[in-house]
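To start, the structure under review is shown below, and the notes come after it.
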Amino acid sequence: MTTVDSLVEAVLAGEHGPLPASLVATSVFWIHHGTRLAGGDTTYLNQYVLVRLGGSFGGCAFEAGEVDPALCRDASGTPLDVLLREAPRPLRIAALDAYLCETRPHRAAGEAGGAEPVTLPAGTPEIRARARDAAIAGLLDIEEGAEVGLIGVVNPLVAAIRERGGVPLPCDFNLRTTQWGDPVTADMHEVLERADAVIATGMTLSNGSFDTILGRCRSRGVPLIVYAQSGSAVARAFLGSGVTALSAEPFPFSQFSAEETVLYRYRAVDGA
């Protein structure tokens, strides 16, 4: 698999399971929430569109104003192939994610399917965020002083990269500095050319930058780790084809619970 569009075409052709034309998006819904972790000065504002398909959910974050909540009323009950072909990009990714989660659930993958379940502890948002980001950083295999591109900045993940001996190269469209004053660039190309390894958020699937990141890391032979609430099963389809490792967190996401929840870590079989 080389691009997200080629994956969509393969799904529409029935190469990953039942034909999407035979399936219906039972429910399409929208969530908007804000978070400010204790000790931080950044308020994260996130919007998600989500699709329910059978026993699975697919989700994708999007920028403010990009999707109107009224879309949920019109899209609920729509054949899945229509969403994959005609919906705005965040909804297309959510529909694709729902399909791939339904045909191969993370919870059923197990070690034989390449998934390592990681239980996040019950507790405060700070405790859970640190545990999540330590699990993501644990997918890094780097030497001391390696520069790690972080495309989509989350402050606890910046700290987790440093704890593993890495030097973060933060990149984000919406932040200018990290919690500790590190400059954050909006130019991902600068980061992709310099980094020894790259960690990217699933939000890159929503804004269309995922294919560029995937292609550049593949051509440079640079490890690419994806941490995905958005499109966790979509990113999984690229393991071994540019994606080295994945932290997949299907809906309901960790920030919506104070109880134990599970994310799933994957590594490419060949370790590329």
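The values are calculated or read from the model by the stated rules, or taken from the named source; none is laboratory data. Quantities reported herein were computed from a predicted structural model and do not represent experimental measurements. Using ideal geometry, Cβ is built from the backbone for each residue, glycine included, and neighbour counts are taken over all protein chains shown. Note: areas computed on protein heavy atoms with side chains; ligands, DNA, RNA excluded. Shrake-Rupley method; radii C 1.70, N 1.55, O 1.52, S 1.80 Å.
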Subject >> Tilt relative to the chain, helix 210-220 - C-alpha long axis, 0 to 90 degrees, to 10 >> reply: 50
Original post:
Taking amide H positions as placed 1.01 Å from N in the peptide plane, with prolines and chain starts having none, which residues 5 or more places from residue 177, or on another chain, fall under 5 Å of its amide H?
Top reply: 184
Subject >> Sum of -39500 (n - 2.57) over DSSP H runs of 4+, divided by residues of the chain (222 nm, nearest 500) >> reply: -9000 deg cm²/dmol
Original post:
When all alpha-carbon pairs of the stretch 16-150 are counted, what percent fall beyond 28 Å?
Top reply: 34
**OP:** For residue 146, list long-range residues whose amide hydrogen, built 1.01 Å from N in the peptide plane, is under 5 Å from its own amide hydrogen.
**Re:** 167
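Taking all protein chains in place and a 1.4 Å probe, what share, in percent, of the accessible surface of the stretch 188-272 do carbon and sulfur account for? Each step should come with its number before you reach the end.
On the way: 1490 of 3000 Å².
So the carbon and sulfur contribution to the accessible surface is 50 percent.
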**OP:** Could you sort 137-145, 224-232, 157-165 so that the peptide with the highest average Cβ count within 10 Å comes first and the rest follow in order?
**Re:** 224-232, 157-165, 137-145
**OP:** Would you kindly state how much longer the chain becomes between residue 38 and residue 89 on full extension, computed as 0.36 nm times their sequence separation minus their alpha carbon distance, in nm to one decimal?
**Re:** 15.0 nm
Original post:
Which peptide among 46-59, 253-266 comes first, and what is the full order, when sorted by highest mean count of other Cβ atoms within 10 Å?
Top reply: 46-59, 253-266
Original post:
Using the scaling law 2.2 N^0.38 Å as the reference, what is the normalised Cα Rg of the stretch 100-154?
Top reply: 1.44
**OP:** State the dimensionless ratio Rg/Rh of the chain (Rg: radius of gyration of Cα atoms; Rh: Kirkwood radius).
**Re:** 0.94
Original post:
What do the square roots of 5 times the Cα gyration tensor eigenvalues come to for the stretch 197-272, in whole Å, largest first, as semi-axes of the equivalent ellipsoid?
Top reply: 23, 14, 9
Original post:
Could you give the nm distance between label points at residue 127 and residue 63, where each point is 7 Å from its Cα heading toward the beta carbon?
Top reply: 3.7
**OP:** Grab the Cα-Cα distance for residue 193 and residue 26, subtract it from 0.36 nm times how many residues apart they are, and report the gain in nm with one decimal.
**Re:** 55.9 nm
Original post:
Hey, how many Å between the Cα centroid of the stretch 120-163 and the Cα centroid of the stretch 177-236?
Top reply: 14
Original post:
Considering only the stretch 108-214, what is the antiparallel percent among its DSSP beta bridges, to the nearest 5?
Top reply: 10
**OP:** Within the stretch 15-97, list the GluC sites (Glu not before Pro) lying in a DSSP loop whose Cβ has at most 11 other Cβ atoms in a 10 Å radius.
**Re:** 15
Original post:
Expressed as an acute angle from 0 to 90° and rounded to the nearest 10, what is the orientation of the C-alpha long axis of helix 89-103 relative to the principal long axis of the chain?
Top reply: 80
**OP:** Project the alpha carbons of the stretch 88-225 onto their principal axes and report the range along each, largest first, in whole Å.
**Re:** 41, 36, 28
**OP:** Calculate what fraction, in whole %, of the accessible area of the stretch 1-117 sits on carbon and sulfur atoms when a 1.4 Å probe is rolled over the protein chains.
**Re:** 53
